Amino acid sequence: MGVARRTFLASAMATVVAPAVVRLAAADASRVTLKLHHDFSAVSCVHDKFLAPWARKIETDSGGRLRVDIFPSMQLGGQPAQLFDQARDGIADIVWAAPSDTPGRFAKIEVFELPFVAARRALVSSKAIEDYAAANLKDEFQEVRPICFSCADRGIVHTNRPIRTIEELRGLRLHVRTRLAGEAVRALGAHAVPMPSAQLPLAIARHVVDGGVDPWHVAPALRLYDLLKTHTDFTDASFSTTTFVLAMNKASYDRLSRELKTVIDDNSGQIAAGIAGAMWDQEARAVADLVAQRGDPIDTLQPEAVERWRKATQPVIDAWQRQMKEHKIDGGKLIADAQALLQKYADEPEPQPPQPAQPSQPEQKVVAQPPPQAKADTTPATANVSAQPPAATATPAPTAASPPKELDIPL
């Protein structure tokens, strides 16, 4: 009798507890973890001020049901030029990639990398390229689901002697970041030297290059302002820029619930492009202020002086249009579209840096070590090894300084 009673009670308790167990299991199963892969360091402005806050916002907006774990510095393996294919193939769910790392593959996005086409402000160019992509880039990026496009901050000519005219640039060996920047440098009579940015400090020290056409945001990581002491900027346009795309694997997006897809969609497009553009501009301003505070000259060429540089690099644009024509692409129309969109956003106010939202679950992980084998995986990542990102070298906070010197150089 006692045994039967105990058996009945145990069975009844199991009946009561079972639904709770099922509910907990269902809650765990409904949480999705996405892997975001990029080649910047964990202490870069891209990681710290754009990708990490974006990931936290995704988690907050989803109520903790969607998590983004970030793998900086190519920790899932491969080379930066392979990032786009990693998103396409599912090795990563999301990537931050530079289309210019595979020259010629994404021809129509190159319009923003032509000399003196992009705006001086990355925010303006980023908003413009986002609209441009919606109208012109669907075929080039059809293998992934683009979250947003962006243009990095403007290219500055960094050397160890003042460069105020084209004549002073001729004969110099300059590091470049894109093929079109290289063609522009050659059109000005200098020698273009492409190489990974990480190799630039040693190349300068060994006199392999005399300087570079690089954006401000790379200067802190490379200590560029310790190696190159004079800087030439352009007042009304960007000599060069680099385009980027935040791209998601299609299958990773498609398997999300409708509610989680909405979270991704609500943090895509112009919202994400605007945050990225503002991030580039804020970093560029902070680094330029720091350089000015140190007493290094920043010569900003005025429009009449820049016009000579425009005319000298026009053959690069003409050659690009001929290349587009060979592929039955109207390059002139693409340039006109880009210029109209840049004008549309020319007066875009600079937003304040967004305050990062606190996640409902523990903060997304920055994964310090990649899995043993990085291979295509069509299921969301659920296991990650976490660690704190490497400590950043402290950079002195910029303080108020006199503005860079503006030159009014006659033609």
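I want to confirm something. Restricting to the range 319-331 and keeping residues that are surrounded by 12 or more Cβ atoms within 10 Å (Cβ to Cβ) and of a type outside the set (Val, Ile, Thr), which single residue is farthest from residue 112 (Cα to Cα)? If you could, list the steps in order and put the result at the bottom.
Step one: of the range 319-331, the residues surrounded by 12 or more Cβ atoms within 10 Å (Cβ to Cβ) are 319-321, 323-325, 329-331.
Cutting the leftovers down to of a type outside the set (Val, Ile, Thr) gives us 319-321, 323-325, 330-331.
Values: 319: 15, 320: 12, 321: 13, 323: 15, 324: 14, 325: 17, 330: 15, 331: 12 Å.
So, considering only residues that are surrounded by 12 or more Cβ atoms within 10 Å (Cβ to Cβ) and of a type outside the set (Val, Ile, Thr), the one farthest from residue 112 (Cα to Cα) is 325.
Check the range 27-45 and report whether any residue there is at pLDDT 95 or above and in a helix (DSSP H, G or I). Looking through the range 27-45, at least one residue is at pLDDT 95 or above and in a helix (DSSP H, G or I).
For the range 173-194, what are the residues that are touching a strand residue (DSSP E or B) at 6+ places or on another chain (Cβ under 6 Å) and either touching a residue at least 12 places away in the same chain (Cβ under 8 Å) or small (Gly, Ala, Ser) (or both)? Walk me through it before giving the result.
Of the range 173-194, the ones touching a strand residue (DSSP E or B) at 6+ places or on another chain (Cβ under 6 Å) are 173-176, 181-182, 185-186, 190-194.
Scanning the range 173-194 gives 173, 174, 175, 176, 181, 182, 185, 190, 191, 192, 193, 194.
Considering only the range 213-234, state which residues are among the hydroxyl-bearing types (Ser, Thr, Tyr), closer than 11 Å to residue 291 by Cα and in contact with a strand residue (DSSP E or B) (Cβ under 6 Å, 6 or more places away or on another chain).
Here is the first cut: in the range 213-234, the ones among the hydroxyl-bearing types (Ser, Thr, Tyr) are 225, 230, 232.
Keeping just the survivors that are closer than 11 Å to residue 291 by Cα gives 225, 230.
Result: 230, single match.
Could you tell me whether residue 62 is polar (S, T, N, Q) and surrounded by fewer than 23 Cβ atoms within 10 Å (Cβ to Cβ)?
Details: polar (S, T, N, Q): yes; surrounded by fewer than 23 Cβ atoms within 10 Å (Cβ to Cβ): no.
So residue 62 does not fit the description; no.
Scanning the range 200-226 for residues that are surrounded by 18 or more Cβ atoms within 10 Å (Cβ to Cβ) and of a type in the set (Val, Ile, Thr) yields 204, 209, 213, 218.
Would you call residue 81 more than 22 Å from residue 138 (Cα to Cα) and under 16 Å from the mean Cα position of the chain (by Cα)? Spelling it out, it is not the case that residue 81 is more than 22 Å from residue 138 (Cα to Cα) and under 16 Å from the mean Cα position of the chain (by Cα).
Only one of the listed residues (130, 168) is of a type in the set (Asp, Glu) and farther than 23 Å from residue 336 by Cβ. That residue is 168. For the range 295-308, the criterion of being assigned to a helix (DSSP H, G or I), of a type outside the set (A, V, I, L, M, F, W, C) and under 20 Å from residue 137 (Cα atoms) is satisfied by no residue at all. The set of residues in the range 173-189 that are in a loop (DSSP other than H, G, I, E, B) and surrounded by fewer than 19 Cβ atoms within 10 Å (Cβ to Cβ) contains only 189. Residues being in contact with a Leu (Cβ under 6 Å, 6 or more places away or on another chain) and closer than 27 Å to residue 221 by Cα: count how many of those fall in the range 42-91. The number of residues fulfilling the criteria is 2.
Of all the numbered requirements in (1) among the polar types (S, T, N, Q); (2) closer than 26 Å to residue 165 by Cα; (3) buried (at least 22 other Cβ atoms within 10 Å of the Cβ), residue 197 misses one, and that requirement is (3).
The values are calculated or read from the model by the stated rules, or taken from the named source; none is laboratory data. Every value quoted in this text rests on a predicted model; they were computed, and no experiment measured them. Methodologically, a virtual Cβ is constructed for each residue, glycine included, from the backbone with ideal geometry; neighbour enumeration extends over all protein chains shown.
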